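The values are calculated or read from the model by the stated rules, or taken from the named source; none is laboratory data. Bear in mind the structure is a predicted one, so any value in this text is a computation, not a measurement. We place every Cβ from the backbone using ideal geometry, glycine too, and count neighbours over all the protein chains shown. The accessibility values were calculated without ligands, DNA or RNA, using every heavy atom of the protein model including side chains. Shrake-Rupley method; radii C 1.70, N 1.55, O 1.52, S 1.80 Å.
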Amino acid sequence: MTEKVFYQDSYQKTHRSTVSAVEDGGVMLASTIFYPMGGGQPGDTGSLKIGGTDYRVIDTRYAPDRIGIVHYLDADDLSGVSPGDAVELELDWERRHRLMRMHTSMHLMCSLISAQATGGSIGESESRLDFDLQGQTVDKHQLTTAINELIGRGLPVSVGSISDDELERNPGLVRTMSVQPPRGQGEVRTISIEDADYQPCGGTHVKNIGEIGEVVITKIKSKGKQNKRITMVLVNP
Ligand SMILES: [Zn+2]
């Protein structure tokens, strides 16, 4: 099991931990600040220092049991790494913070469109959500203005939780059909952006939406019969 330090503090850039297992090109740690790919958000990159050697982390993923977190290293030979070894972790913080800004802005997009999101992807250079608009029209200039107005309000983002039962009774809280929150642990993590958005989410977010800065909706494209794909970029990457 890997302790998820990125949930206790999404802004922690360095951390000390120990190796709990070594597997195919990857190292599982007792605790980590690296976010594992999930919910449309890519896995973190950065570096691990183990026994005086710096290893580059090229991806972070959940182990198949979803309990352990594996850091994939750009190294052919991990014979020098053993369970119990001390590790110093350092995130590619600029990349992670950009992904947090992108991820949080997708919540704002969701809050401004009253339709079910059917898919999505968060990227370093652009992010997108697909919506089942059911014939509604969305104008990219109007949406750009509306999101930037929200960002300009500088609303705080807070983390909470909801019980599986409560979520079962309020299925409308789940805004994306493709990214169902992991149930079965008794409760699900939630994100709320003051009065703008409230939904279950397992990603990492900025503390205040003012950190996102200006955004632009670059494309609204048909994707299938009723779906529209809405793509967004950050003005200051
Ligand atoms: Zn989120």
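What does the convex hull of the alpha-carbon atoms of the chain project to on average, in nm²? Write out the running numbers ahead of the final one.
On the way: hull surface 53.3 nm².
Projected area, direction-averaged: 13.3 nm².
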What angle, in degrees between 0 and 90 and rounded to the nearest 10, separates the Cα long axis of helix 93-112 from the longest principal axis of the Cα atoms of the chain?
-> 30
Segment 130-224: trypsin sites (Lys or Arg not before Pro) falling in loop per DSSP and having at most 15 other Cβ within 10 Å | 153, 183, 207
Most fluctuating of 134, 199, 185 in the GNM of the chain (C-alpha, under 10 Å) is 185
Computed over the chain, protein heavy atoms only, probe 1.4 angstrom, the accessible area per residue in square angstrom equals 48
Cut-off 17 Å, label 7 Å out along Cα→Cβ of residue 136, residues of segment 188-207 by amide N | 196-199
Of all accessible heavy-atom area on the chain, the percent that carbon and sulfur account for (1.4 Å) | 46
For the chain, built as a Gaussian network whose Cα springs stay under 10 Å, the top-fluctuating residue of 97, 141, 71 | 141
What number of lysine-lysine pairs in the chain show an alpha-carbon separation below 22 angstrom, given a sequence spacing of 8 or more or placement on distinct chains?
-> 11
Gain upon complete extension [residue 86, residue 23; 0.36 nm per residue less C-alpha separation] | 21.0 nm
Signed unit charges on C-beta, dipole axis of the chain, positive-most listed residue 199, 119, 147 | 147
Kindly provide the helix-only [θ] at 222 nm of the chain, computed as the sum of -39,500 (n - 2.57) over DSSP H runs of four or more divided by all residues, to the nearest 500 deg cm²/dmol?
-> -5500 deg cm²/dmol
Helix 140-152 vs. the chain, principal-axis angle (Cα, 0 to 90°, nearest 10) | 60
Linear extension gain, residue 56 paired with residue 222, 0.36 nm per residue minus alpha-carbon span = 55.9 nm
Relative contact order for the chain using alpha-carbon pairs under 8 Å, separation at least 6, rounded to a whole percent?
-> 19
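Report the full-extension gain for the segment residue 7 to residue 65: residue separation times 0.36 nm, less the Cα-Cα distance, to one decimal in nm. If you can, show how the numbers build up before the last one.
Working: separation 58, 0.36 × 58 = 20.88 nm, distance 1.88 nm.
Using 0.36 nm per residue and subtracting the Cα-Cα distance, I get 19.0 nm.
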